[in-house]
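The values are calculated or read from the model by the stated rules, or taken from the named source; none is laboratory data. Only a predicted model underlies this, so the values are computations on that prediction, with no experimental measurement involved. Using ideal geometry, Cβ is built from the backbone for each residue, glycine included, and neighbour counts are taken over all protein chains shown.
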Amino acid sequence: MTRLCLICLLFAAFSVQVCADTVIIENVNMIPMTGKGLQPNRTVVIDDGVIQSIQKKNKFKGAGSVVIDGTGKFLIPGLWDMHVHVESQGPTTLPMLLANGVTSIRDAGGDYRTNITWKDEVDAGVRVGPRIKTCGPILESKAFVQRLIDRGLGEGIDNSRIGVDTPEEAQAAVERVKALGADYIKVRTAKNKTTHKAIVDAATQAGLKVGGHADYPYRIQIASGQSSWEHTPTALLNNKTEKERRVLYKEMARNGVVLVPTLSNYEYSILKPVEYVEEIVENPDTKNSARRKYVSRQLLESWRAQVVDTKESPVRNWDKLLESSYRNLREMYEEGVRVLPGTDTGVVLIYPGFSLHDELDQLVEHVGMTPHQALIAGTRDCAEFMEMGDQLGTVEKGKWADLVLLNENPLDNIRYTESIEAVFSQGKMYTREQLDAMLADVEKQVRSEK
């Protein structure tokens with residue numbers, strides 16, 4: 001039997017393990033995300049990384065068990081971040097995610113060799129981090145790939161992008177990405193209608209879903225069978241009446257299309273004055289962000305480039321754009337479109353793990369979700385979309401024990417998802433002390449970078 005272990009982790013160095021066959025969480029307030037609300041005074045029994053039983057009273061006693069007093073605490077499923085660029089921060093991004101209760105992620109592009117290596121290492125239990133689902137190289141138009149090369153960004157581009165302009169190239173690209181071990185296909189600038197349809201058809205035949213940016217004709221995306229829209233739909237919907245928009249949203253819902261709007265980008269990045277952003281990026285001891293100390297040199301270099309791009313870009317009327325964007329999102333959700341949390345880590349001032357809590361807050365504030373609905377979106381709905389609903393996403397007997405133990409009730413305030421007492425992931429339990437040690441080690445590594 002693989003034993004569920006409590007790990008005292010020194011992230012980059014070594015770990016000391018104290019093992020027990022069973023972990024029992026007694027008298028906990030459970031929020032299972034099954035459609036039921038809070039269920040008080042439950043005892044949850046975990047063995048071999050699986051929820052073995054859930055009882056109204058504590059009837060289970062086992063030799064060698066670790067017993068946790070859950071009185072006054074709240075148990076939810078592990079959280080998902082459905083749009084990350086995990087490789088952009090470097091390896092320290094993984095413990096940052098896990099320390100924030102993010103036990104599963106959907107990576108949206110980077111160097112596929114790194115992403116798939118980390119994915120395999122996490123699955124094998126030799127690297128600490130969330131479960132990774134990744135897209136492999138992004139499918140782009142050849143013209144876009146060439147523009148990157150012309151800008152001097154072509155180094156290693158074959159590991160992150162594939163140029164696709166024809167149906168034949170689409171078939172070959174999907175086969176290549178599938179062979180690399182990717183979990184889904186991401187389309188970005190391959191906007192040709194015939195090629196786009198060929199990509200989705202080839203992916204469907206290969207058993208893979210397709211996600212793509214929500215920035216080109218929506219009828220093409222819906223008709224093709226694309227599964228997810230990434231980022232917030234904006235201008236392309238603004239010439240439609242409300243009736244026309246809602247007809248479109250109903251069609252999206254019928255076809256099972258989900259939206260990952262990455263709302264935190266607006267509030268915490270795009271809308272910040274460039275001087276404010278630059279001060280955080282350049283000053284490791286800034287008072288403007290307690291999270292800055294965890295940011296690697298690798299990610300900072302990307303952030304610096306983004307600051308330069310912002311200074312050189314034309315000023316946009318964000319107030320008008322955001323008003324319509326938030327309206328579109330609310331209407332989509334009202335018409336039954338599933339909206340899932342994703343943060344787009346890699347964007348300046350979007351911090352791995354920490355920003356997922358910001359995103360959940362934005363779903364409540366701007367999409368109109370209740371805290372319970374936002375939690376369902378960030379747990380059960382994500383697992384079901386990734387076709388892992390039988391294993392993850394709810395607190396139920398027989399499910400994998402990907403769980404987060406909280407000190408405050410997130411149904412009262414969605415920001416209470418930050419009140420983490422313990423995280424269960426990949427058959428291991430991490431206490432608050434151990435999670436703090438993981439973050440302290442990330443900070444130490446960042447400060448040691450030259």
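Consider the range 282-298. How many of its residues are modelled with pLDDT under 95 and either of a type in the set (Val, Ile, Thr) or within 15 Å of residue 343 (Cα to Cα) (or both)?
1
Does the range 313-330 contain any residue that is assigned to a helix (DSSP H, G or I), surrounded by fewer than 16 Cβ atoms within 10 Å (Cβ to Cβ) and of a type in the set (A, V, I, L, M, F, W, C)?
Looking for residues that are assigned to a helix (DSSP H, G or I), surrounded by fewer than 16 Cβ atoms within 10 Å (Cβ to Cβ) and of a type in the set (A, V, I, L, M, F, W, C), one finds at least one in the range 313-330, hence yes.
Within the range 132-139, is even one residue touching a residue at least 60 places away in the same chain (Cβ under 8 Å) and in contact with a helix residue (DSSP H, G or I) (Cβ under 6 Å, 6 or more places away or on another chain)? Talk me through it step by step, then tell me what you get.
Filtering the range 132-139 down to residues touching a residue at least 60 places away in the same chain (Cβ under 8 Å) leaves 133, 135, 139.
If we keep only those that are in contact with a helix residue (DSSP H, G or I) (Cβ under 6 Å, 6 or more places away or on another chain) too, we end up with 139.
Scanning the range 132-139, I find at least one residue that is touching a residue at least 60 places away in the same chain (Cβ under 8 Å) and in contact with a helix residue (DSSP H, G or I) (Cβ under 6 Å, 6 or more places away or on another chain), so the answer is yes.
Are there any pairs with C-beta distances below 7 angstrom linking a residue in the range 287-304 that is small (Gly, Ala, Ser) to a residue that is crowded, with 19+ Cβ neighbours inside 10 Å and in a helix (DSSP H, G or I), with the two at least 6 apart or on different chains, and if so which?
Qualifying pairs under 7 Å: 289/280; 296/446; 302/88.
Considering 96, 33, which residue is under 22 Å from the mean Cα position of the chain (by Cα) and not assigned by TED's automatic domain parsing to the domain that holds residue 213?
Result of the check over 96, 33: 33.
Are any residues in the range 150-192 farther than 22 Å from residue 230 by Cβ and touching a residue at least 40 places away in the same chain (Cβ under 8 Å), and if so, which ones?
If the condition is that a residue be farther than 22 Å from residue 230 by Cβ and touching a residue at least 40 places away in the same chain (Cβ under 8 Å), then 156 is the only one that fits.
Please list, ordered by first then second residue, the pairs with beta carbon atoms under 7 Å, 6 or more apart or interchain, first in the range 63-88 and in contact (Cβ under 8 Å) with a residue 60 or more places away in the chain, second surrounded by fewer than 16 Cβ atoms within 10 Å (Cβ to Cβ) and part of a loop (DSSP other than H, G, I, E, B).
These pairs meet every condition: 73/407.
Is it the case that residue 106 is touching a strand residue (DSSP E or B) at 6+ places or on another chain (Cβ under 7 Å), in the same structural domain as residue 183 (by TED's automatic domain parsing) and touching a residue at least 12 places away in the same chain (Cβ under 8 Å)?
yes
I'm trying to understand the selection: among the residues of the range 214-239, which are at pLDDT 85 or above and either at negative phi or among the aromatic types (Phe, Trp, Tyr) (or both)?
Those that are at pLDDT 85 or above and either at negative phi or among the aromatic types (Phe, Trp, Tyr) (or both): 226, 227, 228, 229, 230.
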